[in-house]
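Participant: Quick one: the structure is below, and I'll ask about it shortly.
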Amino acid sequence: MTAQIIDGKAFAATVRSKIADHVARIEETNGITPGLAVILVGDDPASEVYVRNKHKSTIEVGMNSYEHKLPADTTEEDLYALIDKLNADPKVHGILCQFPVPDHLSERDIVARIDPAKDVDGLHVLNAGLLASGQRAMVSCTPLGCLMLLRDQLGSLSGKNAVVIGRSNLVGKPVAQLLLRDSCTVTIAHSRTKNIEDVVRGADIVVAAVGRANFVKKDWIKPGATVIDVGINRIPAPERGEGKTRLVGDVDFAGVSEVAAAITPVPGGVGPMTIACLLANTLTACCRSNGLREPDGLTA
Ligand code: NAP
């Protein structure tokens, strides 16, 4: 079997276009423009690139983007004063603080300060709790992107055996909760799991969120399984020249493609869905806070 490549870039483009249509409609009908505020503390070059991309994507779908760049020595007090101001601002529907932040600041406390209704990263404990108890939540972007790709690929997920490798609060746990909500039989594997290859062999759906290059091997995969590779790992690529690198996922793409029915590539799979889902969450937050109908297919 040669797996179908799940084109996350193309799917993310359709999601963004659906968002842009909905944004235009509520602007015309209700005079409301969704707004996303992004806070960047310090000058980490990778974070600056992420923030720039988020700003560009937000503007492209017709939303307002509010960037707040703060110096690396910003005090907790000043950062919280900004978050409080954004929490109270009716033009701001989503708030995101780009991580990592400098060491003197606590990511957990920053997330806790954000109004859960504006927590478009879905990291607030209230949102984690709502998701775990099957209630309406803001769902973190990468897990939501995985779910959208799986639903698009497979239709109903009900009754499927799913193995999620990784149990982080950011990816593994929310992915598992979402799959459970869609009536999969879910197993979460992690660094202490015994005979992980046997666990993965039972899966119709494999979601790998480990952070180890090419970790999931061909002979772990049940023929016909659907494989979602969340991992982003940079490895040396001497074939591209001295000192060059390239991105690979957590799945041995070449090998697993010979067995799986469908697989996401890295790059071009889950990655593009993450920003699309950030925009989807901002639109959802805007609709919820204004009592407007939420767009179909953009939430869990
Ligand atoms: P993380 O917080 O480091 O969690 C990694 C998980 O993998 C942990 O639960 C860990 O288990 C598990 N693990 C590590 N080694 C293992 C092993 N040998 N066998 C089985 N499980 C093992 O990472 P994360 O934030 O979830 O991210 C995971 C990957 O996704 C990273 O490559 C990250 O860059 C990528 N990512 C991509 C996107 C995107 O937009 N595409 C977004 C977020 C993250 P323990 O809990 O037992 O330690």
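Participant: For residues in the range 167-183 being near the ligand (Cβ under 6 Å from one of its atoms) and under 13 Å from the mean Cα position of the chain (by Cα), which is surrounded by the fewest Cβ atoms within 10 Å (Cβ to Cβ)?
Facilitator: Only one residue fits best here, namely S168.
Participant: Quick one: count up the residues across the range 131-166 that are open to solvent by 40 Å² or more (accessible area, probe 1.4 Å) and outside any loop (DSSP other than H, G, I, E, B).
Facilitator: Of the residues in that region, 6 qualify.
Participant: Another question, then. Inspect the range 29-42 for any residue being in a helix (DSSP H, G or I), free of Cβ contacts under 8 Å to residues at least 12 places away in the same chain and touching a Ser or Thr at 6+ places or on another chain (Cβ under 8 Å) and give the result as yes or no.
Facilitator: For the range 29-42, residues in a helix (DSSP H, G or I), free of Cβ contacts under 8 Å to residues at least 12 places away in the same chain and touching a Ser or Thr at 6+ places or on another chain (Cβ under 8 Å): absent.
Participant: Taking interchain pairs and intrachain pairs at least six residues apart, which have beta carbon atoms under 9 angstrom, with the first residue in the range 178-196 and more than 16 Å from D250 (Cβ to Cβ) and the second at pLDDT below 95?
Facilitator: Correct list of pairs: L178/A300; L180/G134; R181/G134; R181/A300; D182/A300.
Participant: What residue, among those in the range 202-260 that are within 16 Å of the ligand (Cβ to nearest atom) and at positive phi, is farthest from the chain's Cα centre (by Cα)?
Facilitator: N214
Participant: Okay, moving on. Residues in the range 140-178 that are out of contact with any strand residue (DSSP E or B) (no Cβ under 8 Å at 6 or more places or on another chain) and of a type outside the set (S, T, Y): how many?
Facilitator: The qualifying residues number 15.
Participant: Please work out which residue is modelled with the lowest pLDDT, limiting yourself to the range 262-294 and to residues that are open to solvent by 10 Å² or more (accessible area, probe 1.4 Å) and more than 16 Å from G8 (Cα to Cα).
Facilitator: Step by step, filter the range 262-294, then rank; the result is E294.
The values are calculated or read from the model by the stated rules, or taken from the named source; none is laboratory data. Since the model is a prediction, treat every value here as computed from it, not as a measurement. Glycine gets a Cβ as well: all are built from the backbone with ideal geometry, and neighbour counts include every protein chain shown. Remember, those area values only see protein heavy atoms, side chains included, never the ligands or the DNA or RNA. Shrake-Rupley method; radii C 1.70, N 1.55, O 1.52, S 1.80 Å.
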